[in-house]
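For reference, the structure discussed in these notes is given below.
Computed from the coordinates by the stated procedures, all read-outs in this text should not be read as laboratory data. Remember, predicted model here, so these are calculated numbers, not experimental data. Because the Cβ atoms are built from the backbone with ideal geometry, glycine has one as well, and the counts that use them run over all protein chains shown.
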Amino acid sequence: MCGVFGVVAPGGDAARLAALGLFALQHRGQESAGIAASDGDQLMLYKDLGMIAQVLDERRLPSLPGQLAIAHCRYSTTGSTVWENAQPTLRLGPRRALAIGHNGNLVNTRELLEGLPGGRSRLPASTDTELLTALLADEPAADTVEALVRVLPRVRGAYSLVVLDERRLIGIRDPHGFRPLALGRLPAMPEAPGASGRRSHPDDPDAAGGWVLSSETAGLDVVGADFVRDVEPGELVILEPGLEPRSVRFAEARPALCVFELIYFARPDSMMEGRNLYEVRRRMGMELAVEHAVAADLVMPVPDTGAPAAAGYAEGSGVPYREGMYRNRYAGRTFIQPSQALRHRGVTVKLNPLREVVRGRRLIVVDDSIVRGTTTRAIVGLLRKAGAAEVHVRISAPPIYHPCFYGIDTSVETELIAASHSVEEIRAFIDADSLGYLSIEGLLRALELPYEGFCFACFDGHYPEPVPYDVARRKFVLEEAPAGRG
Ligand code: SF4
């Protein structure tokens with residue numbers, strides 16, 4: 001999972017706006033951050049490993065002038081966490097210059113690599129995005145849009161892209177639309193009283209505000225943009241200063257938005273499919289209370305992501321809601337940390353029980369997922385140590401039985417506890433008094449949307465886009481490919 005952001009800011013400082021918008025997407029990736037900008041003539045790039053605030057330091061941004069910019073924060077699903085793999089990618093080719101920010105994961109990387117003259121040795125990094133950038137830069141087409149229309153039908157998997165050339169910003173979603181991408185309109189900036197320089201005029205297209213693309217609508221809110229619509233699956237949206245957006249369809253839409261975006265990944269203040277995600281998650285909690293009732297004294301969330309569903313569970317069950325753990329907001333998400341050792345240590349760094357709240361009480365602890373089980377087990381252990389009388393764990397999603405190959409780092413089945421353990425075995429492993437998961441039917445009731453239109457593959461194994469046999473190793477597929485061979 002990654003965050004992508006793009007800005008067309010006529011007469012403005014697009015790079016600063018892109019940095020600001022990217023801050024709203026920090027939860028989508030914490031390994032690296034970067035910005036590419038165009039001044040209409042030339043593309044420039046700055047990227048580094050680290051959190052957005054560390055990388056996109058105010059003092060660096062003035063060196064990225066221009067009306068167009070894209071930004072990216074990364075959580076690795078192909079390639080390791082090294083500087084070269086940070087995004088946006090940038091390729092200055094003889095045919096065109098391009099920068100790309102990618103959210104998602106391609107599933108036919110090997111096949112695409114075979115089509116790249118010169119093969120792996122031509123790639124400065126080991127991500128599928130770098131490969132896609134090279135293919136697009138090489139494509140003998142008149143312009144970037146034509147190159148995209150020719151190349152994208154060969155690309156399979158999940159990709160929500162922000163693409164920048166010298167003159168345009170282009171937003172793209174793959175034909176399934178696995179990952180979200182929202183289009184927003186940036187209002188014209190009011191002129192400061194007494195401002196000097198060029199006066200804006202109602203007929204001046206440069207005075208008409210601009211356009212924004214963001215992985216989530218929360219990013220639009222941060223820069224003051226109004227939501228216009230989602231980029232459609234299989235669509236390119238072309239944005240240029242002073243012009244209305246142009247739409248080009250490159251593939252038939254077969255929508256399969258990742259349902260986990262609604263359950264957990266995206267911010268609760270974001271909107272998807274016309275729904276506010278806090279409300280969706282609250283309804284999941286209400287359904288969970290109906291499906292898995294238990295006598296208890298308190299309902300508490302695993303902070304912060306379990307909070308909306310816990311509120312819904314309390315509302316649905318009539319059991320009082322309290323916060324039973326403090327979360328250190330300055331520690332990263334444990335799920336995002338790439339190594340198991342860091343992930344395990346992260347629990348105690350991040351969460352501390354409120355002993356006065358939990359001591360002697362029968363607790364219903366609501367969370368949004370169990371992936372490996374180790375985090376939940378550590379949380380139950382902390383609550384028991386703090387004196388909880390009973391700990392009943394409730395999960396506002398179905399068990400994750402199957403790996404994801406579309407941009408979430410659960411691509412190794414052996415790391416998914418539900419793939420090899422029954423619910424009772426998981427309960428015993430996490431040492432809870434009881435364990436209940438929301439059913440797929442309950443989830444659909446909470447979504448108030450039909451199953452069609454979503455990817456539910458990690459719950460039911462129905463993969464909307466077929467994945468090749470060697471997918472289990474595919475995170476590092478480009479690192480394994482011998483340099484010099486296609
Ligand atoms: Fe989302 Fe699961 Fe589908 Fe991956 S497999 S896109 S996590 S629903």
When the Kirkwood radius is taken over all Cα pairs of the chain, what Stokes-Einstein diffusion coefficient follows at 4 °C and 1.567 mPa s, in µm²/s? 56 µm²/s
Within the chain: Cβ-based charge dipole about Cα centre, in debye rounded to nearest 20 (Lys, Arg +1; Asp, Glu -1): 1200 debye
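Nearest 5 percent is fine: what portion of the DSSP beta bridges confined to the chain is antiparallel?
Of all bridge pairs located within the chain, approximately 75 percent are antiparallel.
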Averaged over every viewing direction, what's the projected area of the C-alpha convex hull for the range 1-128? Give it in nm², one decimal, please. 7.8 nm²
Work from the charge dipole of the chain (Cβ charges, +1 for Lys and Arg, -1 for Asp and Glu, about the Cα centre) and give the residue of Ala295, Ala158, Leu106 farthest towards its positive end. Ala295
Cβ-based charge dipole, the chain, positive-most Cα from Gln30, Ile440, Phe178: Gln30
